[in-house]
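Undergrad: Input: one structure, supplied below.
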């Protein structure tokens, strides 16, 4: 287990962040959704901490907790006053030791239904939520680790057995596959012995091998044509979503695309907002993001059409603005504004003890350098107009992308 201690006495708060190197890309075919399912199962209790007691005891000590799952990792974090730190560490060690072996069908059934309902509520029955389910399937070919959505399929979740779940836990929930971050108002000299005592004796089979993306090269996974699809949904307004494969997290071009997405669609001064919402009055809203991942990223642009505006017109307007950033540099004030917005958001994360703990875990997982924050910020500060234009010209190819349209179901919207 990698242990990172970050002492900060600015506020009377401590954070315990446990990050496991297992996300949806580690799942085998027929086992999609397991990483996210485990995010829920990890709260189902052990002999020493029965079901529901994890939350109740933590709340009783003045703390709270949550977790999240991505393609690449699963993070669990506990936040509380300094006096709660021994309890937080003990409960994390306890569930790492015993939760998997003590899994039952009753626990599995309860949480599999919770996850299936989450899929229905956040994706299937949420306006435009089906885009999140379909986009990775169109972006990456069958067999690529990013091909399926993080939440998995109903079929795979329904088919999961207790033995499947125990096997997944044994393979990935291992001290050697985890990073423990303790951040905030504590004394490292006092905490180190506690961590050694609680986690040092836990059995370990060693870290599992990262499966990567075997059999796939950049050339094979790169889109070489326009993939189009129309989704009918319970919506009132039509939408166009365009997506491109883009450089992986921290690779050259990743920061430039973060800045470009900000310049394109962050706020009323952004390029797409001014052109499509304010000037042409054909769009209700605009959005853009560089969605960074360990094996690769997606650059996504979305435009919500105003009532009665044809999507062909929306696409043409989007293409015009995208052509402009491919062929001409951003204006000085556009890049400066984007850098300021990105840096403000970055510094805001550093001001939060919980966010700092998450960043430390992420830097360790992806770069083996928990102190990478200054270098990370410099990626954005050092970006140039020419650099942004060059990456846009390389990545945002009009003949190599996914174009998704979302339209109301026949017979009307909601």
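Here, each number is a calculation from the coordinates, and none is a lab measurement. Quick caveat, the model's predicted, so the values are computed rather than measured. Cβ: placed from backbone, ideal geometry, glycine included. Neighbour counts: every protein chain shown.
Undergrad: In degrees from 0 to 90, rounded to the nearest 10, what is the angle of the helix 353-367 Cα long axis to the longest principal axis of the chain?
TA: Compared with the principal axis, the helix lies near 80 degrees.
Undergrad: Starting from the 7 Å offset along Cα-to-Cβ, what nm value, one decimal, do you get for the label separation of residue 126 and residue 352?
TA: Here the answer is 1.7 nm between the modelled labels.
Undergrad: Across all directions of projection, what mean area in square nanometres is found for the Cα convex hull of the range 360-414?
TA: 8.0 nm²
Undergrad: Relative contact order (percent) for the chain, with alpha-carbon contacts under 8 angstrom and 6 or more residues of separation?
TA: Relative contact order, the chain: 22 percent.
Undergrad: Among 244, 64, which comes first, second and so on when ranked by fewest other beta-carbon atoms within 10 Å?
TA: By the 10 Å Cβ count, ascending: 64, 244.
Undergrad: Bin all alpha-carbon pair distances of the range 1-66 at 5 Å intervals from 0 and give each bin's fraction as a whole percent.
TA: The calculated distribution, bin by bin, is 3, 12, 16, 18, 19, 16, 9, 4, 1, 0.
Undergrad: Taking the Cα-to-Cβ direction at residue 373 and at residue 410 and moving 7 Å from each Cα, how far apart do the two end points lie in nm?
TA: Those two pseudo-labels are separated by 5.6 nm.
Undergrad: Using alpha-carbon positions, what is the distance between the centroids of the range 299-348 and the range 191-261, in Å?
TA: 22 Å
Undergrad: May I ask you to sort 105, 295, 85, 260 by Cβ crowding, counting other Cβ atoms within 10 Å and putting the fewest first?
TA: 105, 295, 85, 260
Undergrad: Take the eigenvalues of the Cα gyration tensor for the range 297-355, scale each by 5, and report the square roots as semi-axes in whole Å, largest first.
TA: Equivalent-ellipsoid dimensions as semi-axes: 31, 18, 10 Å.
Undergrad: Which option, (1) 64, 58, 48; (2) 67, 51, 45; (3) 63, 46, 41, is the value of Cα extents along the principal axes in Å that was calculated from these coordinates?
TA: Given (1) 64, 58, 48; (2) 67, 51, 45; (3) 63, 46, 41, the calculated one carries the label (3).
Undergrad: Taking a temperature of 37 °C and a viscosity of 0.692 mPa s, what whole-number D in µm²/s does Stokes-Einstein yield for the range 218-408 with Rh from Kirkwood over alpha carbon pairs?
TA: 187 µm²/s
Undergrad: Another one. Only bridges whose two residues both fall in the chain count here: according to DSSP, what percent of them are antiparallel, nearest 5?
TA: Rounded to the nearest five, the antiparallel share is 75 percent.
Undergrad: Among 325, 114, 16, which comes first, second and so on when ranked by fewest other beta-carbon atoms within 10 Å? Provide the component values of the computation, followed by the final result.
TA: Working: 325 20, 114 13, 16 27.
In increasing order of surrounding Cβ atoms, one gets 114, 325, 16.
Undergrad: A further question on this structure: Please compute one quarter of the surface area of the Cα convex hull for the range 313-414 and express it in square nanometres.
TA: 10.6 nm²
Undergrad: For the residue pair residue 153 and residue 201, what label-to-label distance in nm results when each label sits 7 Å from Cα along the Cα-to-beta-carbon direction?
TA: 4.5 nm
Undergrad: Only helical DSSP H runs with n ≥ 4 go in: add -39500 (n - 2.57) per run for the chain, normalise by residue count and round the 222 nm mean residue ellipticity to 500 deg cm²/dmol.
TA: About -12500 deg cm²/dmol.
Undergrad: Work out how much length residue 220 to residue 5 would gain on full extension: take 0.36 nm times their residue separation and subtract the Cα-Cα distance, in nm to one decimal.
TA: 73.3 nm
Undergrad: Per Stokes-Einstein, at 4 °C and 1.567 mPa s, what whole-number D in µm² s⁻¹ belongs to the range 27-93, with the Kirkwood radius over Cα pairs as the hydrodynamic radius?
TA: Details: Rh = 13.0 Å.
So the translational diffusion coefficient is about 100 µm²/s.
Undergrad: Averaged over all directions, how much area does the convex hull of the C-alpha atoms of the range 2-199 cover when projected, in nm²? Can you show the working numbers first?
TA: Numbers: hull surface 47.1 nm².
Convex hull of Cα atoms, orientation-averaged projection: 11.8 nm².
Undergrad: Out of all DSSP beta bridges in the range 2-199, what portion is antiparallel? Express it as a percent rounded to 5.
TA: Looking only at bridges with both residues in the range 2-199, the antiparallel portion is about 75 percent.
Undergrad: Between helix 85-98 and the chain, what is the angle of the helix's C-alpha long axis to the longest principal axis, kept within 0 to 90° and rounded to the nearest 10?
TA: Taking Cα atoms only, the helix is inclined about 90 degrees.
Undergrad: How far, in nm, would the chain grow between residue 228 and residue 399 when pulled straight, counting 0.36 nm per residue and subtracting the alpha carbon separation?
TA: Stretched fully, the residue 228-residue 399 segment lengthens by 60.4 nm.
Undergrad: Evaluate E = 1/(1 + (r/R0)^6) for residue 187 and residue 109, where r is the Cβ-Cβ distance and R0 equals 30 Å; express this FRET efficiency to the nearest 0.05. All intermediate terms of the calculation are to be shown ahead of the outcome.
TA: Values: r = 43 Å, r/R0 = 1.45.
According to the calculation, E is roughly 0.10.
Undergrad: Specify the angular offset, from 0 to 90 degrees and rounded to the nearest 10, of the alpha carbon long axis of helix 105-119 from the longest principal axis of the alpha carbons in the chain.
TA: Tilt relative to the chain: about 20 degrees.
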